[in-house]
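Report on the following structure.
Since every read-out is calculated from the coordinates, none of them should be taken as a lab result. Note that the structure is a prediction, hence the values are computed from the model and not measured. Note: ideal-geometry Cβ built from the backbone for every residue, glycine included; neighbour counts use all protein chains shown.
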């Protein structure tokens, strides 16, 4: 009786073990089917595999200014001020994302400020820059400061993404998606080293084409067309002459 009871106990324990293993296998299958059911769509997978979309470069506006002092007895801009204004306008054309703004002192404009403003407007017109004039109401340099004219514009500033996210286990990646930091270093270095962040948003305008090269190309095109036309006419005339000679011989 004891032996039979022990045998029944062992068989019951074995059955329980088999039932537990079967339940574990079914649970694993359900988990796998659930993960297959929640697979990423194609658009999301492509976005996670593109470093430019996963680690975008952010942009912030930075104001660049140039203060031009105008003494009471100034007769327009000084030679150094002319150079500073021209260089500032060149930078504005190269990197600005907003219109140039000219700030004037709040007080009534004396003759010296008017003459300096005329020189500045002349440089702006030569550069072909769109601008507007604002009479300063908030910005003051102090009661004893020399009156000045301020030129200002805004340019984009590239902000590099932060890298170093190693939170995911790529060894168990069923979607075959790159790790979160994949390509981040390349985008980060591009944002840090770019000379003009505006180039990351839109291309620079093209320079005017060379008139000499255009004239040479057009002359070559017209010359080849005239030569081909002359050759066709020559072949047509020679064929007509040949046919006439044949008729005469007959």
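Counted over region 58-157, the DSSP beta bridges are approximately 70% antiparallel. Each of residue 122 and residue 211 was given a label point 7 Å from its Cα along the Cα-to-Cβ line. The distance between the two points is 2.5 nm.
With each label modelled as a point 7 angstrom along the Cα→C-beta vector, the residue 175-residue 189 pair spans 2.8 nm. Taking 7 Å steps out from each Cα toward its Cβ at residue 99 and residue 16 produces label points 8.5 nm apart.
As a rough guide to protection, the peptides 159-165, 203-209 ranked by mean Cβ packing within 10 Å, highest first, stand as 159-165, 203-209.
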